[in-house]
1. Give me the Debye-computed log₁₀ of I(q)/I(0) at q = 0.06, 0.09, 0.12 Å⁻¹ for chain A, equal point scatterers on Cα only, no solvent, two decimals.
2. Debye calculation, C-alpha points only, no solvent: report log10 I(q)/I(0) for segment B:44-137 at q = 0.17, 0.22, 0.24 Å⁻¹, in the same order as the q values.
3. Which aspartates and glutamates have a Cα less than 20 Å from the Cα of A:Lys369, not counting those fewer than 8 places away in the same chain?
4. What number comes out for the charge environment of B:Leu14, summing +1 per Lys or Arg and -1 per Asp or Glu over other residues with Cβ under 11 Å away?
5. Tell me what the protein assembly as shown gives for mean residue ellipticity at 222 nm when only DSSP H runs of n ≥ 4 count, each as -39,500 (n - 2.57), the sum divided by the residue total, rounded to 500 deg cm²/dmol.
6. Once you treat every alpha carbon in segment A:61-226 as an equal point and sum by Debye, what is log10 I(q)/I(0) at q = 0.09, 0.10, 0.12, 0.19 Å⁻¹?
7. Roughly how many nanometres apart are two label points built 7 Å out from the Cα toward the Cβ at B:Lys19 and A:Ser110?
8. Other chains' Cβ within 10 Å of B:108-118 residues: what's the mean?
Amino acid sequence: MPDVKIFSFALRNVLRNRHRSLVTVLAMAFAGIIMIVFAALMDGFLDATERHAVIMNTGDVQIHAPGYMNDPDLYTYVDNTYELLSLLEKNGFYASPRLYGFALAAAGKSSAGVKLRGISINRENTVTEISRHVMLGAWLESGDTRGVVIGKKLARTLGVKVGDEIVIVGQASDGSMANDLYRVKGILKTVGDEIDQAGFFMLDTAFRELMVFPKGVHEIAIMRSNRDTDLELAKQRIEEIAGDYEIKDWQDLQPVIARILDLADAQKVIMILITYVAVATVILNAVLMSVFERIHEFGVMKALGVGPWFLVRLIFTELFIMIFAASIVALACGWFIAYRLELNGIDLSSIATGASFGGVAIDPVWPAKVTPGALFLPVLFLILIGFLAAVYPAVKAAVIQPVRAIYYR
Amino acid sequence: MTGAIVTMENVTKLYEQGKIEVRAVDNLTLTIQKGDFAALCGPSGSGKTTVLNLMGGLDLPTEGTIHIEQQNLSELSRSQISNMRRDRIGFVFQSYNLIPVMTAYENAEFVLKLQGVPEKQCHERVMNILAEVGLQGLEHRRPDELSGGQQQRVAIARAIVTRPAIVLADEPTANVDSVTADALLDLMQELNRVERTTFLFSTHDQRVMDRARRLIRLRDGRLEQDEVRA
Ligand SMILES: Nc1ncnc2c1ncn2[C@@H]1O[C@H](COP(=O)(O)OP(=O)(O)OP(=O)(O)O)[C@@H](O)[C@H]1O
Ligand SMILES: [Mg+2]
């Protein structure tokens, strides 16, 4: 049936029962908007979680001496640090060397095991945002070798405030007793379980002095200068630079978060499907009604020699027109709302502060993120579900027997 | 030139109505000749509509054979029958014949488009036919902007625009007033005379029967009388 203009015919049929078409389109559009906003919020949440995981501590990629990850020993360290750092920087990476040791911290009558973290503040600032995450007091300052910044829970365990003193006792690399007195310069906001409970940040110079550890570092945390580039490629490049060492990206280092992010797409699809079941019934109902009230008309058309495919195409085209209209509305409104939420996230600070998720702190302000997936996945599924819902009515119309249809009352 | 357009041989059509079997058509043998202007008449339930549906391939007989232009319907597939209807048969039903969202012009054009007739040729033929049935100037009205008689004229135009072998009309005048009915009959008679289009219509209306050149009377699905007048 090449020559009947199905599209214009279908459009007129859609406009024929304006109210029903409008209600159907609005129902589809409404579900589409909800799903776009939901998907954008979900993407925003995941993006924030990923950024937190990476930006607060991990960085994109880390370099360790072989074996350090399994057994974090003071003597297992990266040797040619400065050569590596300059090579990494030449290749467009930010890199921060870190020193780690374990010790006992005591304040008044309380004590706790801590993980000493010796950092180079200028370099650390290029890789992570931890310096901006101070809750009370201030971040480390070069020259102030007595000043330390500690995790929130550790501060509570030790019962210390900003300005209080903490005694550190441990074993230095030469076997002597490492023992010194520090002053709390700052207390961090929630970052993640490890840092909250045992994080003890100090200047690298102070660490080297305390632990008698003159050279080498335990970890180099690396950040891509442009986070939109491919992580896998960056990792390969770093492997070329520092092949002798263990290279891990943040997904290896934070497998729980990585897994949650992996599963998020499946979750999104499931949510969309569940919501759309309701829409599917609306669509099914509308299309069925439109078929049943035209039984006589379809019968006449069949008597004139119209084949079953013609009617199937007609009904699908009619539905397509409605889905198309609904998609435009959903995209426009959904994008608008999601974009507003991207600019100003939902502020949850009154109900949730210092929450954490998979060991990673989350912001009290929940931002949306308008990604292509958040916009088009809901629309794609709308089209899919819509067409599924139309199969039954379309088949019904296709198999109508003209005699029965024409005398159908 | 004469010749058989449709032949029915010993055709029986049974319908199940609950547990009762109804013989809508009972062992009927009937031939419609080219150029016929024939009326099927008989009391309600005598099988007129059923005969028309069987002849148009809208329904299949329980027994017997039907030939349309020498083609045995029972040997054709569904889609072949559908194409046969499209190309060789014109239908006019009692009411609601037209596609409501299409204009008079588009309704008349519909089957031509299905046949894939080129646009230019379509236009010419549709405009001619609409003029012939007296609808000049109303081409762009939709069915709900036309009177019942005008709607039936569009239906007749649509039935004849493809130059079918036969036009089957089931009580085409039942839903219009007598003046309009007369006009519709004038029209069909004229088409029959000028274009030699074969018409078979069913009717209850005595005046319609009076104008038929052949009167086929049915009773209980059987042929009671088949009279050809001068
Ligand atoms: N689809 C059907 N199912 C069951 N019985 C049917 C069906 N169609 C027709 N019949 C029966 O077949 C018989 C003939 O019906 P048909 O419609 O052909 O009569 P008709 O002469 O056209 O009558 P009318 O003048 O009332 O239109 C009737 O008894 C009718 O009840
Ligand atoms: Mg009848």
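1. -0.42, -0.68, -0.94
2. -0.90, -1.16, -1.24
3. A:Asp43, A:Asp47, A:Glu50, A:Asp228, A:Asp230, A:Asp262, A:Asp265, A:Glu342, A:Asp347
4. Details: positive: B:Lys13, B:Arg23; negative: B:Glu16, B:Glu21, B:Asp26, B:Glu63.
Around B:Leu14, the charge tally is -2.
5. Values: 21 runs with 296 residues, N = 639.
Here the helix-only value at 222 nm equals -15000 deg cm²/dmol.
6. Debye intensities relative to I(0), on a log10 scale: -0.28, -0.35, -0.51, -1.26.
7. Simple spin-label model gives 9.2 nm for this pair.
8. Values: counts 0, 2, 7, 5, 2, 5, 10, 4, 4, 1, 1.
For peptide B:108-118, the averaged partner shielding equals 4.
The values are calculated or read from the model by the stated rules, or taken from the named source; none is laboratory data. Quick caveat: nothing in here was measured; it's all calculated off a predicted structure. Cβ sites come from the backbone with ideal geometry, for glycine too, and all protein chains shown count toward neighbours. The area values use the complete protein model at the heavy-atom level, side chains included, leaving out ligands, DNA and RNA. Shrake-Rupley method; radii C 1.70, N 1.55, O 1.52, S 1.80 Å.
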